[in-house]
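Peer 1: Let me give you the structure first, and then I'll get to my questions.
Nothing in this text is a laboratory measurement; each read-out follows from the coordinates by a stated rule. This structure is a prediction, so every number in the text was calculated from the model and none was measured. In this analysis, Cβ positions are derived from the backbone assuming ideal geometry, glycine residues included, and neighbour counts consider all displayed protein chains.
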Amino acid sequence: MAVEDSSITSESATVGLPDTLWVHLSLVVSIVLMGAPLLLALLMSTQSTAQIYDVTNLAPGGHALENYQSALFEYDLARYIVNSFVMSIIVVVGKVSLSLLAALAIVYYDFPYKDAIFAFVLLTLLLPVPVRIVPLFELMADLGWANSMLAITGPYIASATAVFLFRQHFLSIPSSLVETARLDGVGPIEFLVDVLVPMSRGMIAGVSVITFVYAWNQYLWPLIVVSDQQKQVVQVGISYLQSASQAGQTQWGLIMAGSILALSVPLVVLVALHRPLLETFALQQK
Amino acid sequence: MVRDIRAFDDSRAAAVFLAPTLAVLVLFLYYPSFETFRLSLYETLLLGQQTTFVGLDNFVTLATSPEYHNSLFVSFAFAAVVVVGSLTIALFVAYQLYRVDKWRSIYLVAAIWPYALPPAVAATVLLFLLHPNLGVITHYIEMIPGVEFDWFTNGPLAFGVLAVVAIWKQLGYNIVFLLAALHNVPESLAETSRLDGVGSLTMLREVYVPLISPTLGFLVVMDTIYAFFATFPLVDLMTSGGPNGATNLLIFKLYRDAFEFNSLGLASAESIVLFGIVSILMLAQLKLTGEYAHYGA
């Protein structure tokens, strides 16, 4: 053993760096590289158009307030952010509620064709939006939903993944709890609200983060189904900023400000709730 | 695992609880998907006002269209580059996160944040930073003698730029899953197979990669689907499929055929091809997850 240990030490010594230092160094370099475009965007969001066109100028420009204000109010990004926020919250609340109810039925009830119904739910994984985009668009027109909040939330409020995850979680809850509830004559909704939901807080938080980020980042569907600019979401809204120009020069500082704003909301959600997210992903893997 | 706990008996109540989910799935997922199949057999004219049954003509058109062949090729090549690039980098970062002795949670958040990065934002930011005339990164790249970084006119360069953006955005997702997989490797298993005196990267390649291969397989499938579908904003905002079709991914071509050229029947046929690709990928993943469960037990 001692011989082997010394051989490892001498090997890493020849590299020149202790192993732990190498780990830290490579992490710092990776993280800086991954974060660099964002930091540059943040920096440029403080520059005036003239400063931007001076390409090598990497000093903070002092025009942050102007850029962010103009993006938010002159170019209506504030409205798009509110639209995105309302859309994402509706999708999160709708999807979590519907999926909790569906998982309750699948785990705690016995009914005919249960496996077939569960398979019917799971098979929708094969049907992402691009597979049904043309008829879905026509359906929205037929329902009179074009340009409405219904169009950008309705098709997203049921999900195979969420039903699957809640089902997995419910199956891991001790059956003694269920027995107790049954003996006490607790009704299903009471059981869901008083027992299952408190025991699934982490899972609900995890599914909520995944859903929120997913909804917030939607681009293709709102682009197609929302043509009224007032009703648009922020991801498509930042492309409207590209028309912002002064004397033929694109106002990239303003566009970068808009990009930072469009990213900040899901970023805050992720940082705040990364623990339940990681736990949910760990379960998804099993 | 406990199954069929059967806390409640009234199966009508179960139907009520399932109804909202099933209604949404039928109305917005199954029904439009069946409609796609039907529409793919029709030719639509006059902004969809007039439709004619044409059988498999739309599929014949696709099979014989050089433009569609190009999109197929570009999409698969793009998926390959994105999957390999993103998984390689993510594997390295996840391994270092797994091994690091302190500040782990700070490093973790700083490494997985691209999970929250909207593709449209990633595209807009890099469109500017890599802009052939104005981009600060372009400026430094072009300081290399003889290099001209004009990806607005150079097809392979545009393809490369798009791949870099797609890889960047997908790193967070991959790191999360790979880190979880590394933590699931039993300590003793890694310990017994520890090779004497080898470098840490050899350990990663020889010991850890085979042990987490089910997760890698899962991610290959998820990243391929991502590269096919979620990259639409990148193409739309950065290249519009050009130059000369070099970045005309299937999803972008489908969008234009449907919503710019109003060829709804042809676009539906393209949707069916995508459905075929997703089905094959998902089937592969189902097989992999099955194996994963076996490995876990």
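Peer 1: Most fluctuating residue of A:Gln47, A:Gln249, A:Gln229 in a GNM of chain A with Cα springs under 10 Å: which is it?
Peer 2: Per the Cα network of chain A with a 10 Å cutoff, A:Gln249 tops the list.
Peer 1: For segment A:183-236 and segment B:119-180, compute the distance between their C-alpha centroids and round to whole Å.
Peer 2: Distance between centres, Cα-based: 32 Å.
Peer 1: OK, next. Between B:Ala15 and B:Ser188, what length in nm is gained on full extension when 0.36 nm per residue of separation is reduced by their alpha carbon distance?
Peer 2: 57.5 nm
Peer 1: Quick one: putting +1 on the C-beta of Lys and Arg, -1 on the C-beta of Asp and Glu, what dipole do you get for segment B:65-296 around its Cα centre, in Debye to the nearest 20?
Peer 2: Charge dipole of segment B:65-296: 400 debye, to the nearest 20.
Peer 1: Which value, in debye to the nearest 20, gives the size of the charge dipole of segment A:69-284 about its Cα centre, when Lys and Arg are +1 and Asp and Glu are -1 at the Cβ?
Peer 2: Value, rounded to 20: 280 debye.
Peer 1: Select from B:Ala116, B:Leu234, A:Val91 the residue farthest towards the positive end of the dipole of the protein assembly as shown; place +1 on Cβ of Lys and Arg, -1 on Cβ of Asp and Glu, and compute about the Cα centre.
Peer 2: A:Val91
Peer 1: Stretch A:Met149-A:Asp19 to full length: gain in nm at 0.36 nm per residue minus the Cα-Cα span?
Peer 2: 41.4 nm
Peer 1: Here's another thing I want to ask about it. Can you give me the distance in nm between label points at B:Leu45 and B:Phe76, each placed 7 Å from the Cα along the Cα-to-Cβ direction?
Peer 2: 3.5
Peer 1: Give, as a single signed number, the net charge of other residues whose beta carbon lies under 14 Å from the beta carbon of A:Ile204, with Lys and Arg counted +1 and Asp and Glu -1.
Peer 2: Overall, the nearby charge balance is +3.
Peer 1: Is there a simple number for the mean count of other chain Cβ atoms within 10 Å of the Cβ of residues in A:97-103, and what is it?
Peer 2: The shielding value for this peptide is 5.
Peer 1: Which of the lysines could a cross-linker span from A:Lys114 if the Cα-Cα distance has to be under 23 Å and same-chain partners fewer than 8 positions apart are dropped?
Peer 2: A:Lys95, A:Lys286, B:Lys287
Peer 1: Other chains' Cβ within 10 Å of A:268-281 residues: what's the mean?
Peer 2: Taking the mean over all residues of the peptide, I get 3.
Peer 1: Less than 12 Å Cβ to Cβ from A:Val86, Lys/Arg counted +1 and Asp/Glu -1: what total charge do the surrounding residues give?
Peer 2: Once all neighbours under 12 Å are counted, the net charge is +2.
Peer 1: Continuing with this model, one more query. How shielded is A:218-224 by partner chains, expressed as the average number of their Cβ atoms within 10 Å of its Cβ atoms?
Peer 2: 5
Peer 1: Of B:Ala163, B:Ala19, B:Ala116, which is the most mobile in a GNM of chain B whose springs link Cα atoms less than 10 angstrom apart?
Peer 2: Between B:Ala163, B:Ala19, B:Ala116, it is B:Ala19 that shows the largest mean-square fluctuation.
Peer 1: Mean residue ellipticity at 222 nm from the helices of chain B, using -39,500 (n - 2.57) per DSSP H segment of n ≥ 4 over the full residue count, to the nearest 500 deg cm²/dmol?
Peer 2: My calculation for chain B gives -21000 deg cm²/dmol from helical runs alone.
Peer 1: Can you figure out the FRET efficiency of A:Phe85 with A:Ser176, using R₀ = 45 Å and their beta-carbon distance, to the nearest 0.05?
Peer 2: E between A:Phe85 and A:Ser176, to the nearest 0.05, is 0.60.
Peer 1: Another question, then. Can you give the FRET efficiency for B:Glu260 and A:Leu65, using 1/(1 + (r/R0)^6), R0 = 35 Å, r = Cβ-Cβ distance, to the nearest 0.05?
Peer 2: 0.35
Peer 1: Between A:Arg201 and B:Lys102, with labels modelled 7 Å along Cα→Cβ, what's the label distance in nm to one decimal, could you check?
Peer 2: Label-label distance for A:Arg201 and B:Lys102, simple model: 3.1 nm.
Peer 1: So the label point goes 7 Å from the Cα of A:Phe120 along Cα→C-beta, right? Which residues of segment A:134-172 then have their backbone N under 20 Å from it?
Peer 2: It comes to A:155-168, nothing else.
Peer 1: If R₀ is 45 angstrom, what is the calculated FRET efficiency for the pair B:Ala23 and B:Thr61, using the beta carbon separation as r and rounding to 0.05?
Peer 2: Computed FRET efficiency for B:Ala23 and B:Thr61 comes out at 0.80.
Peer 1: Note down the magnitude of the dipole of the protein assembly as shown about its Cα centre, charges +1 on Lys and Arg C-beta and -1 on Asp and Glu C-beta and zero elsewhere, to the nearest 20 debye.
Peer 2: Charge dipole of the protein assembly as shown: 600 debye, to the nearest 20.
Peer 1: OK, next. Are there any helices in chain A, counted as whole DSSP H runs, that stretch 24 Å or more along their axis by Cα and score at least 0.0 on average by Kyte-Doolittle, and if so which?
Peer 2: Helices meeting the span and hydropathy rule in chain A are A:19-44, A:77-108, A:252-272.
Peer 1: Additional query: Is any residue of segment B:204-220 close enough, with backbone N under 17 Å, to a label point placed 7 angstrom from the Cα of B:Ala284 along the Cα-Cβ axis, and if so, which?
Peer 2: Of the residues in segment B:204-220, B:213-220 have backbone N under 17 Å from the label point off B:Ala284.
Peer 1: Among A:Ser176, A:Ser148, A:Ser227, whose mean-square fluctuation peaks in a Gaussian network model of chain A (Cα, cutoff 10 Å)?
Peer 2: A:Ser176
Peer 1: Positive end of the charge dipole of chain A (Lys, Arg +1 and Asp, Glu -1 on Cβ, about the Cα centre): tell me which of A:Ala41, A:Pro266, A:Val23 has its Cα farthest that way.
Peer 2: Going by the charge dipole, the pick is A:Pro266.
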